[in-house]
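Written below as structure tokens is the structure these notes are about.
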Amino acid sequence: MKPIDGDYLKNKAEAKPNIKCLIQMKDITKVFHTGGMDFVALNNISIDFYAGEFVSVVGKSGSGKSTLANMITGIDHPTQGSVTIAGIPIHNLKESPMSIWRGKNLGIVFQFYQLLPTLSLLENVMLPMDFCNTYPQSDREPRARDLLDMVGLADFASKIPAAVSGGQQQTAAIARAMANDPPILIADEPTGNLDSKTAEAVFELFSNLVAKGKTVVMVTHDPGLAAKTDRVVHLHDGRLAQN
Ligand code: ADP
Ligand code: MG
């Protein structure tokens, strides 16, 4: 496995002088208040993610992986510190501008897919385009079909999620995440509910997107998959750990 930051990134930055810091997390602390107690889920984390990287985030259950991912997506806010993405300080955005910004700039993939159960796969993939008005109305369906084709689901476009397998639901969720052609994908345990062969196929989809220039941050429990990414970030009790 490659080291967290330091030399590897320096080398990568030297190899590609125009490499851009896309996501900058600075001094992030997240404290949850539950039952009168404070729990520090993230403890003073500073880390940069670079344009075009495929980074995995690993750590034991409860180490803060999802909390870290939620800081990047703006699903949750830091108690202290800043998250700047492509120059936008997203920790300062209110909910409504945040959801518009998120819809255009981030694709999010969850462990349990989170497709809308009553909509077809095609309609699920069209939804982010409708929400953000990113493409003219008449372009949305053909674009959604192209995306489903990209993930091998062209023949399943009219099915509802319950009528396809878990792996197919997750690949549809990846197609949906790409609907607005965001530069960044954040995935929280995207293969956590899949058998190893399907997990490999989902991983390949992410790799293909990285090859096309996307930046992917993937939380995972799977050391085999993590080892195949550009960089592995280890979390331990809410802190960055050296491996
Ligand atoms: P991971 O994804 O690595 O399993 P999480 O980021 O979900 O870990 O959680 C990190 C720690 O923060 C855990 O101890 C969890 O119980 C706690 N935690 C997460 N979300 C909340 C919340 N909304 N309220 C209170 N504690 C939380
Ligand atoms: Mg988690």
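Observations on the model:
- Residue pairs meeting the criteria (Cβ under 6 Å; at least 6 apart or on separate chains; first over 20 Å from L116 (Cα atoms), in region 127-150; second of a type in the set (A, V, I, L, M) and assigned to a helix (DSSP H, G or I)): Y135/M129
- Flag for I72 being in contact (Cβ under 8 Å) with a residue 12 or more places away in the chain, within 15 Å of the chain's Cα centre (by Cα), within 16 Å of ligand 2 (Cβ to nearest atom) and surrounded by 17 or more Cβ atoms within 10 Å (Cβ to Cβ): yes
- Only a single criterion out of (1) under 21 Å from the mean Cα position of the chain (by Cα); (2) over 20 Å from G213 (Cβ atoms) is not satisfied by A179, namely (2).
- Note on region 176-222: residues that are open to solvent by 10 Å² or more (accessible area, probe 1.4 Å) and within 16 Å of ligand 2 (Cβ to nearest atom) total 8.
- Residue in region 47-59 that is near ligand 1 (Cβ under 8 Å from one of its atoms) and at pLDDT 95 or above present: yes
- Failed item in (1) over 14 Å from the mean Cα position of the chain (by Cα); (2) open to solvent by 10 Å² or more (accessible area, probe 1.4 Å); (3) more than 16 Å from ligand 2 (Cβ to nearest atom), with G59 passing the rest: (3)
- For region 54-90, filtering for residues that are of a type in the set (V, I, T) and outside any strand (DSSP E or B) leaves 6.
- Those residues of region 158-175 which are open to solvent by 80 Å² or more (accessible area, probe 1.4 Å) and assigned to a helix (DSSP H, G or I), in sequence order: A162
- In a residue-by-residue description of region 26-33, the property of being more than 16 Å from ligand 1 (Cβ to nearest atom), closer than 29 Å to K104 by Cβ, open to solvent by 60 Å² or more (accessible area, probe 1.4 Å) and at pLDDT below 95 applies to no position.
The values are calculated or read from the model by the stated rules, or taken from the named source; none is laboratory data. Small disclaimer: the values here were computed from a predicted structure and weren't measured. For neighbour counting, all protein chains shown are included, and Cβ atoms are generated from backbone atoms with ideal geometry for every residue, glycine included. When the accessible area is computed, the model is the full protein with side chains, heavy atoms only, and any ligands, DNA or RNA have been set aside. Shrake-Rupley method; radii C 1.70, N 1.55, O 1.52, S 1.80 Å.
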